[in-house]
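Inspection log for the structure reproduced underneath, given as structure tokens.
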Amino acid sequence: MKTETIHRCIAERTEQDLILNYLDYFNNYLTVSAFAQAYGLTPFEAMKVIGKGRELNESAAIHKAEGKA
């Protein structure tokens with residue numbers, strides 16, 4: 001897997017899209033492979049999208065709890 005493909009896969013999504021992708025994975029899929037197949041991604045790309053979405057979601061939750069959002 002080339003690095004530029006992964007960066008493009010993430011760059012093509014807004015932060016909100018990444019958060020929604022993560023929440024969709026968390027709530028509706030049992031495996032990364034199933035999520036990847038549904039979104040037309042490789043499992044590695046899916047892990048990167050899920051990971052970035054998780055990071056953004058947790059950051060948003062922290063900011064909200066601190067009253068910054």
Point to revise | Single residue of the stretch 10-41 satisfying the filter (assigned to a helix (DSSP H, G or I) and aromatic (Phe, Trp, Tyr)) that is nearest to Gly53 (Cα to Cα) | key: Tyr22
Exercise for review: Say whether the condition of being more than 20 Å from His7 (Cα to Cα), modelled with pLDDT of 95 or more and either surrounded by 15 or more Cβ atoms within 10 Å (Cβ to Cβ) or touching a strand residue (DSSP E or B) at 6+ places or on another chain (Cβ under 8 Å) (or both) is met by at least one residue in the stretch 31-45.
Suggested key: no
**Study point:** Close pairs (7 angstrom Cβ cut-off, 6 or more residues apart or separate chains): touching a residue at least 24 places away in the same chain (Cβ under 8 Å) in the stretch 11-25, part of a helix (DSSP H, G or I) and of a type in the set (Lys, Arg) anywhere
**Key:** Leu18/Lys52; Tyr22/Arg54
**Study point:** So Lys64, is it surrounded by 13 or more Cβ atoms within 10 Å (Cβ to Cβ) and part of a helix (DSSP H, G or I)
**Key:** no
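The values are calculated or read from the model by the stated rules, or taken from the named source; none is laboratory data. The structure displayed is predicted, hence computed values, not measured ones. A quick note on method: Cβ atoms are made from the backbone with ideal geometry, for glycine too, and the neighbour counts reach across all protein chains shown.
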